[in-house]
């Protein structure tokens, strides 16, 4: 830029920034407006105790939920519920990823392993995690272990199936290219099959994380003593209606947060897929 | 990589009594039959032929991806048993690793050989410089144009200093202008490195312009129909493509290929049950009808 040119004024810069980000700003504005509208409708329905097929007579209002939220934030018991749920998710999901991803990679590479494991997996896969609750209680000595086991099962199958799918889509020409550059079996696995499958592995992890929360909450409601699912169910038994909504919102926020974490990890691990 | 340029030419490819068939539902299908070809050290040889004639099959057998049903493939007297870094390959679909940057792609062969990181980084940079790609070393392949991708593909195949370079219709997906530039780049690299090249293409001009010799294959089952030496002097210029010598070679090859293409298409038309249309299957009438 020639030195004589004056730097653009703050006003022009702001205008340029606005033009560049117009689409995103619009989406954010609409998103915030929609959330406010949702809260407003919720507020009106509960304030006037609307009964129109569904009954809002006992549904807590947003303000009541907010009040119980501020109370809960100072209650170590509530925080402990959340912490315990997160711990269960962390252990169950991590185990599922640590076992599911390598197993999928190996099944995708070695036909015999695939032929042995796939039929068993196909039979077990459609069983919803909640149907495993009685079996899990019999299998594991402690309640805690059976809940983690159910969380593990919920996320394991999506992770396994997506990893397998990714392996089946690896472009054979890339394998050939690696071979005539001197790559042997192990290098081909590490340098071609694994990175080529990563996008599908991360799809599996995202889906698996969602199912992990579904399974966890179901298990906690049935057999737990702690955890955010138990908290929500207990609130119903104790007629703490505001706490029901609080528990639900907490579950939603935690689920959203954990899938954002996975998406972020995916972007870190796969920089070539940015944007 | 100056040691490569200084080496005596290597890479004598011999394909003898070669045939290749695979199992189809109605019994074995003969893809290539009774074929002999050779490439002398440092020679540039092309294979042309109608589509489906088995020229890629032949190339893949030299690369080591396919085993001959009968016959033998050797490079410098050693039998080809499987793919190896001694035979570099360039594919039509570029086949760069999307998860590696341009430089990492070029480094791959050296990494497989166990070369330390700093050394192979330097080697890759030098090679990318020769191909005019140093500014793109950190880019991912997805961001490159087709011509750039294929330049990376060629540089990657040459990085390990192979004895022979095999190219399977490498410029088939490029536009005409880019194709001409790529042909020039390939010729320059070939002359600098003095390696043997076996080049498969369906483009007759390309084959004549690049090669010392051209093999023309028959329709399936493929075999060698003719072997045509290209006595055009080097270095070759674009203007030569208008010379009477070039055009005579072109005319000769054209008529050879047309005969075979018509045979191949005739088979297809019969398969489609169109004999009833009473099309004469020889000479120009078919071309005109189609």
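The values are calculated or read from the model by the stated rules, or taken from the named source; none is laboratory data. None of the values given here were measured: they were computed from a predicted structure. No Cβ is skipped: glycine too gets one built from the backbone with ideal geometry, and neighbour counts run over all protein chains shown.
Looking only at residues in region B:128-153 that are part of a helix (DSSP H, G or I), touching a residue at least 24 places away in the same chain (Cβ under 8 Å) and within 12 Å of chain A (Cβ to nearest Cβ), the one that is farthest from residue B:198 (Cα to Cα) is B:142. Of the numbered criteria (1) part of a helix (DSSP H, G or I); (2) farther than 29 Å from residue B:15 by Cβ, the one residue B:109 fails is (2).
Taken together, B:103, B:125, B:113 contain a single residue that is facing another protein chain (nearest Cβ under 9 Å) and either at pLDDT below 95 or closer than 25 Å to residue B:192 by Cβ (or both), which is B:113. Residue A:201 - would you say it is over 30 Å from residue B:85 (Cβ atoms), assigned to a helix (DSSP H, G or I), touching a helix residue (DSSP H, G or I) at 6+ places or on another chain (Cβ under 6 Å) and in the same structural domain as residue A:266 (by TED's automatic domain parsing)? Criteria not met by residue A:201. Being more than 30 Å from residue B:203 (Cα to Cα) and either touching a residue at least 40 places away in the same chain (Cβ under 8 Å) or surrounded by fewer than 21 Cβ atoms within 10 Å (Cβ to Cβ) (or both) is a property that residue B:61 lacks.
Residues checked against (1) within 24 Å of residue B:252 (Cα to Cα); (2) at pLDDT below 90; (3) surrounded by fewer than 24 Cβ atoms within 10 Å (Cβ to Cβ); (4) more than 13 Å from the chain's Cα centre (by Cα):
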{"residue": "B:152", "(1), (2), (3), (4)": "no, no, no, yes"}
{"residue": "B:179", "(1), (2), (3), (4)": "yes, no, yes, yes"}
{"residue": "B:186", "(1), (2), (3), (4)": "no, no, yes, no"}
{"residue": "B:194", "(1), (2), (3), (4)": "no, yes, yes, yes"}
{"residue": "B:200", "(1), (2), (3), (4)": "yes, no, no, no"}
{"residue": "B:204", "(1), (2), (3), (4)": "yes, no, yes, no"}
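Within region B:52-98, if we keep just the residues that are part of a strand (DSSP E or B) and under 14 Å from the mean Cα position of the chain (by Cα), the residue that is nearest to the other protein chains (Cβ to nearest Cβ) turns out to be B:89. The condition of being part of a helix (DSSP H, G or I) and modelled with pLDDT of 90 or more holds for residue B:252.
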